[in-house]
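Before any comments, here is the structure.
The values are calculated or read from the model by the stated rules, or taken from the named source; none is laboratory data. Only a predicted model underlies this, so the values are computations on that prediction, with no experimental measurement involved. When we count neighbours, we look across all protein chains shown, and the Cβ atoms used for this are built from the backbone with ideal geometry, even at glycine. All accessible areas refer to the heavy atoms of the entire protein, side chains included, with ligands and DNA or RNA removed. Shrake-Rupley method; radii C 1.70, N 1.55, O 1.52, S 1.80 Å.
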Amino acid sequence: MAHVNKVHSVSTIALVARHLSVEEDLIAELASGMDPEDGLIWVYSLDRPDGAMAFTEYGVENITTLIADHDI
């Protein structure tokens, strides 16, 4: 059976920061302990060969929970 990619869309860290009204640096710090299974992914392009942090819908839920747990 072939692996099926279940990610339909992602939100960049900048978009998530704007949506949650927090700084990107804070989200990056909180996400540093996340794994792909937690909804954190990296998006690479010719413009961003080092990658851009992005989140699946599940990842945004996890970041929102982390922010709430840290009373931010």
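Rounded to the nearest Hz, the phi-derived 3J(HN,Hα) couplings of segment 28-42 under the Karplus curve 6.51 cos²θ - 1.76 cosθ + 1.60 (θ = phi - 60°) are 4, 5, 5, 7, 4, x, 7, 10, x, 5, 8, x, 9, 9, 10, where x marks glycine and proline. Among the listed options [x] 49, 22, 16; [y] 43, 30, 20; [z] 29, 21, 17, the one matching Cα extents along the principal axes in Å as calculated from these coordinates is [y].
Expressed as a rounded percentage, what relative contact order does the chain have, with Cα pairs under 8 Å and six or more residues apart? Please list the in-between numbers first.
Numbers: 68 pairs, mean separation 24.3, N = 72.
Normalised by residue count, the contact order of the chain is 34 percent.
Please report the carbon-and-sulfur percent of the accessible area for the chain; probe 1.4 Å, protein heavy atoms only, DNA, RNA and ligands left out. About 53 percent, which is the carbon plus sulfur part of the accessible surface. In the context of the full set of protein chains, the chain has a per residue accessible area of 75 Å² (1.4 Å probe). Simple spin-label estimate for Ile72 and Arg18 gives 1.9 nm between the two label positions (7 Å along the Cα-to-Cβ direction from each Cα).
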